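*Asks:* Before we start, here is the structure in question, set down as structure tokens.
The values are calculated or read from the model by the stated rules, or taken from the named source; none is laboratory data. A quick note: this is a predicted structure, and the numbers were derived from the prediction, not measured. FYI the Cβ positions are ideal-geometry reconstructions off the backbone, even for glycines, and counts take in every protein chain you see. To get the accessible areas, we keep the full protein, side chains included, count just its heavy atoms, and leave off ligands, DNA and RNA. Shrake-Rupley method; radii C 1.70, N 1.55, O 1.52, S 1.80 Å.
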Amino acid sequence: MKNGVWRDEYMLHTFMCDAERKARLTAICHCMQESAGRHAAQFQLGYEGMQANNQAWVLNRLRVQMSDYPDWKSTLCIETWVQMMRGPFSQRYFLLKNGAGEIIGSANTFWVVIHTTTHKPQRLKNKIEIPIIDEVSPCGAAEKIILPDGLQIIDNHKVKQSDLDLLHHVNNVKYLEWVLDTQSQSEAIRPRQIDLNFVGETHLNDTIEIHKITSDNQQFYQLKSSEKEICKGVLTG
């Protein structure tokens, strides 16, 4: 870590790439999540540090913007920093670079601290302060998504064991995976930008309905469980 910015390098293995030997967006997001966790752990704000206080970080919004997807066997460099920490809320930015140090993407995440029993927002109990860097990456901040009318159900998914994370909830990257799996061959599997809002939670054996509409060259998604909205997204090819 240098000047409050955490940096990791990831070798892109076969299981992280698609049929065209390009990094999957889901693999990139997993790496981002891993780097965020490593950074937070340095200040006792990672999984173990939060669990000790019956607290957890929950991702509320995500934006990833890509200009290029790295190839199999190449290196993905991730730089991340915290731009805001206020009450139960935190905003984190990312720069994504190739092995030559060229910027190929950027991302923004907005997080909420919750109590692990009540699931209600709560101020951090840990008093160790993480460095705050008032810098915004090129993608800008993820915003609240307003869905157009007319979405139609196109698929459904039953939550399985492989979808769950350490908190026994569906991992946020899984929602992205479900959305991308609905793409036809003529649609982008490596989008230029994806925005996701996480507004509810799902558990084992829940059935998720995936709704979609294309408007103004963007694809809008809504994921619902028992008529309750769980996640919404916008994909720009």
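*Asks:* Of the cross-linked pairs Lys120/Lys212; Lys97/Lys174; Lys73/Lys174; Lys160/Lys224; Lys73/Lys97, which ones have a Cα-Cα span greater than 19 Å in the structure shown? Before the final figure, lay out the partial values.
*Replies:* On the way: Lys120/Lys212 30 Å; Lys97/Lys174 24 Å; Lys73/Lys174 24 Å; Lys160/Lys224 16 Å; Lys73/Lys97 14 Å.
Too far apart for the 19 Å limit: Lys120/Lys212; Lys97/Lys174; Lys73/Lys174.
*Asks:* Note down the accessible area of Met1, probe 1.4 Å, to the nearest 10 Å².
*Replies:* Surface open to solvent at Met1 totals about 120 Å².
*Asks:* Run lengths n ≥ 4 of DSSP H only: what is the helix-derived mean residue ellipticity at 222 nm for the chain, with -39500 (n - 2.57) per run over all residues, to the nearest 500?
*Replies:* Details: 3 runs with 32 residues, N = 237.
Helix contribution divided over all residues of the chain: -4000 deg cm²/dmol.
*Asks:* Then there is this: What does the charge dipole of the chain about its Cα centre add up to, to the nearest 20 debye, if the Cβ of each Lys and Arg holds +1 and the Cβ of each Asp and Glu holds -1? Don't skip to the end; give the middle numbers.
*Replies:* On the way: 26 positive and 28 negative charges, 114 e Å.
So the dipole magnitude of the chain works out to roughly 540 debye.
*Asks:* If you put +1 on each Lys and Arg Cβ and -1 on each Asp and Glu Cβ, how big is the dipole of the stretch 1-81 around its Cα centre, in Debye rounded to 20? It would help to have the intermediate numbers written out before the result.
*Replies:* On the way: 9 positive and 9 negative charges, 25 e Å.
It comes to approximately 120 debye.
*Asks:* Right, next: How far, in nm, would the chain grow between Leu204 and Val5 when pulled straight, counting 0.36 nm per residue and subtracting the alpha carbon separation? Write out the running numbers ahead of the final one.
*Replies:* Values: separation 199, 0.36 × 199 = 71.64 nm, distance 3.60 nm.
So the chain would gain 68.0 nm between Leu204 and Val5.
*Asks:* Continuing with this model, one more query. So how much slack lies between Lys120 and Thr14, counting 0.36 nm per residue of separation and subtracting their Cα-Cα distance, in nm? Kindly include the intermediate steps, with their values, before the conclusion.
*Replies:* Details: separation 106, 0.36 × 106 = 38.16 nm, distance 3.93 nm.
Using 0.36 nm per residue and subtracting the Cα-Cα distance, I get 34.2 nm.
*Asks:* Using modelled backbone amide H atoms (1.01 Å from N, in-plane), which distant-in-sequence or interchain residues come within less than 5 Å of Thr182's amide H?
*Replies:* It is none; the list stays empty.
*Asks:* Right, here's the next one. With label points built 7 Å along Cα→Cβ from the Cα atoms of Thr214 and Arg86, find their separation and express it in nm.
*Replies:* 3.9
*Asks:* Hey, another quick one. Local charge sum around Asp163 (other residues, Cβ-Cβ under 14 Å, Lys/Arg +1, Asp/Glu -1)? Each step should come with its number before you reach the end.
*Replies:* Values: positive: Lys158, Lys160, Lys174; negative: Asp165, Glu177, Asp181, Glu201, Asp206.
Neighbour charge sum, excluding Asp163 itself: -2.
*Asks:* What does the charge count around Arg190 come to, taking other residues whose C-beta lies under 15 Å from its C-beta (Lys +1, Arg +1, Asp -1, Glu -1)? Numbers along the way, then the final one.
*Replies:* On the way: positive: Arg21, Lys22, Arg24, Arg192; negative: Asp18, Glu20, Asp68, Asp71, Glu177, Asp181, Glu187.
After counting each charged neighbour, the total is -3.
*Asks:* Contour minus end-to-end for Gln193 and Gln51, with contour as 0.36 nm per residue of separation and end-to-end as the Cα-Cα distance?
*Replies:* Working: separation 142, 0.36 × 142 = 51.12 nm, distance 3.27 nm.
Additional length available on full extension: 47.8 nm.
*Asks:* Under a 10 Å cutoff between Cα atoms, tell me which one of Phe15, Phe94, Phe198 has the largest fluctuation in the Gaussian network model of the chain.
*Replies:* Ranking Phe15, Phe94, Phe198 by mean-square fluctuation puts Phe15 first.
*Asks:* A further question follows. Any chance you could get the radius of gyration and Dmax over the Cα atoms of the stretch 198-237, in Å?
*Replies:* 11.2, 35
*Asks:* Further question on the same structure: Can you sort Trp6, Trp81 by 1.4 Å-probe accessible area, starting with the largest? Don't jump to the answer; show the numbers that get you there.
*Replies:* Numbers: Trp6 40, Trp81 5 Å².
Largest accessible area first, the list is Trp6, Trp81.
*Asks:* Let me see the P(r) profile for the chain: every Cα-Cα distance counted, bins of 10 Å, each bin given as a percent of all pairs.
*Replies:* 7, 32, 37, 21, 3, 0
*Asks:* So what is the relative contact order for the stretch 1-109, in percent, with contacts set as C-alpha pairs under 8 Å and at least six apart? If you can, show how the numbers build up before the last one.
*Replies:* Numbers: 170 pairs, mean separation 32.4, N = 109.
Reported as a whole number, the value is 30 percent.
*Asks:* Applying the Karplus parametrisation 6.51 cos²θ - 1.76 cosθ + 1.60 with θ = phi - 60° to the phi angles of the stretch 223-237, what ³J(HN,Hα) value in whole Hz is obtained for each residue in order, glycine and proline being reported as x?
*Replies:* Result, ordered by residue: 10, 10, 10, 6, 6, 9, 5, 10, 7, 9, x, 9, 10, 10, x Hz.
*Asks:* Among Thr80, Met32, Thr116, whose Cα sits farthest toward the positive end of the charge dipole of the stretch 1-121 (+1 at Cβ of Lys/Arg, -1 at Cβ of Asp/Glu, about the Cα centre)?
*Replies:* Thr116
*Asks:* Apply the Karplus parameterisation 6.51 cos²θ - 1.76 cosθ + 1.60, with θ equal to phi minus 60°, to every residue of the stretch 46-59 and state each ³J(HN,Hα) to the nearest whole Hz, in sequence, with x for glycine and proline.
*Replies:* Ordered by residue, 3J(HN,Hα) equals x, 4, 5, x, 6, 4, 4, 10, 6, 10, 8, 8, 10, 6 Hz.
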